[in-house]
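Encoded as structure tokens, the structure appears first; notes follow it.
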Amino acid sequence: MATLIYNNLCLLSSRPRVKVLSLSRIVSSSEVEVSKRRVLKQVDEELSKGDERAALALVKDLQGKPGGLRCFGAARQIPQRLYTLDELKLNGIETRSLLSPVDETLGSIERNLQLAAIVGGVSAWNVFGFNPQQILYLSLALLFLWTVDSVSYNGGVGSLVLDTIGHTFSQKYHNRVIQHEAGHFLIAYLVGILPKGYTLTSFEALKKEGSLNVQAGTAFVDFEFLEEVNSGKVSATTLNRFSCIALAGVATEYLLYGYAEGGLADINKLDALLKGLGFTQKKADSQVRWSLLNTVLLLRRHKGARAKLAVAMTMGKSVGSCIDIIEDNIDDTDI
């Protein structure tokens with residue numbers, strides 16, 4: 001298929017009057033794809049340099065244009081109003097299975113490590129003949145290290161250990177994290193927020209950011225959001241976008257597994273934002289219910305794109321490549 005690019009329509013006065021279409025050139029669909037991918041490569045380059053404004057400008061320049069980015073900010077969303085819990089149930093959503101996630105996998109690993117530590121301590125006591133005073137000193141040293149990790153690194157060392165063990169020994173945990181982050185990435189792109197990078201493991205986040213305070217996850221170009229927050233006035237559109245993004249991970253897990261384990265930090269951040277904006281409990285509940293229903297319906301509609309995106313993220317594809325995959329796997333009728 002080819003795209004016709006024309007400059008003008010000339011009407012000739014000679015008889016018989018004939019409309020003549022003056023074509024400057026014919027651009028093939030393959031040329032359009034090359035052009036789009038060239039721009040997405042530039043987006044990757046700007047993001048790697050940390051120039052988020054330039055990257056977002058490139059994406060917005062292609063937004064909605066023929067052969068450009070059809071899906072960025074083009075999500076077909078539901079009307080915003082107060083939805084009841086019964087309406088959510090009619091759409092197959094049990095909020096208790098989404099909004100109170102408990103990571104049973106990491107919890108089990110943590111309990112096993114604690115048990116192993118106790119058994120190891122008792123064994124060392126018997127083998128090396130530690131006296132009670134030495135045991136006390138060892139316990140205090142471990143408590144000190146735990147406190148340093150909690151205060152200085154926000155539990156980063158413990159999270160790194162648990163997450164690494166989880167990815168190594170639990171395929172379910174590994175897959176769940178990937179799908180969770182794919183949900184965040186997809187919803188962000190569809191509602192018009194540009195992802196700027198992602199990590200799937202705490203160890204990968206440590207290597208990339210060089211800090212134990214940074215956890216694995218998807219990061220976004222959010223300077224516009226931060227500018228609104230700092231001004232004390234967050235628009236309804238901006239709030240809706242970030243509410244949906246915050247709930248996208250738990251919603252993805254729910255759709256795939258029937259319940260969510262990860263994403264408690266996302267929910268806590270959304271709660272903190274709504275409280276910071278002075279929302280009453282009723283208004284906050286309304287915002288969360290709309291966002292949850294809207295996000296679940298988007299994920300259901302675009303589950304094929306999410307699945308392909310998850311595969312790409314597993315392979316470590318760039319943000320630009322992930323965007324290209326989303327665009328290639330969503331039909332015009334679905335946006």
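What follows is calculated from the coordinates using simple rules that are stated; it is not laboratory data. On a predicted model such as this, the values are computed, not experimentally measured, just so you know. Positions of Cβ are generated from backbone atoms using ideal geometry, with glycine treated the same way; all protein chains shown enter the neighbour counts.
Going by average Cβ neighbours within 10 Å, how do the peptides 294-303, 59-68, 175-184 rank, with the highest at the top?
Numbers: 294-303: 20.6, 59-68: 14.6, 175-184: 23.8.
Peptide ranking by packing, descending: 175-184, 294-303, 59-68.
What distance in nm lies between label points placed 7 Å from Cα along the C-beta direction at GLU228 and LYS275?
2.2 nm
Using 0.36 nm times the number of residues separating GLU204 and GLN77, minus their current alpha carbon distance, what extension gain do you get?
42.3 nm
Return the Rg/Rh ratio of the stretch 43-100 with Cα-based radii and a Kirkwood Rh. Don't skip to the end; give the middle numbers.
On the way: Rg = 18.4 Å, Rh = 14.9 Å.
Here the Rg-to-Rh quotient is 1.24.
Compute the length gained on full extension between VAL102 and ASP332: take 0.36 nm times their separation in residues and subtract their Cα-Cα distance, giving the result in nm to one decimal. Numbers along the way, then the final one.
Working: separation 230, 0.36 × 230 = 82.80 nm, distance 3.74 nm.
Fully extending the segment from VAL102 to ASP332 adds 79.1 nm.
Please list, ordered by chain and number, the residues whose modelled amide H lies under 5 Å from the amide H of GLY197; skip anything fewer than 5 residues away on the same chain.
Residues meeting the amide H criterion: ALA219.
Of all the C-alpha pairs in the stretch 207-274, what % are more than 15 Å from each other? Intermediate results must be reported in sequence, preceding the final value.
Details: 1413 of 2278 pairs.
Taking all Cα-Cα pairs of the stretch 207-274, the fraction more than 15 Å apart is 62 percent.
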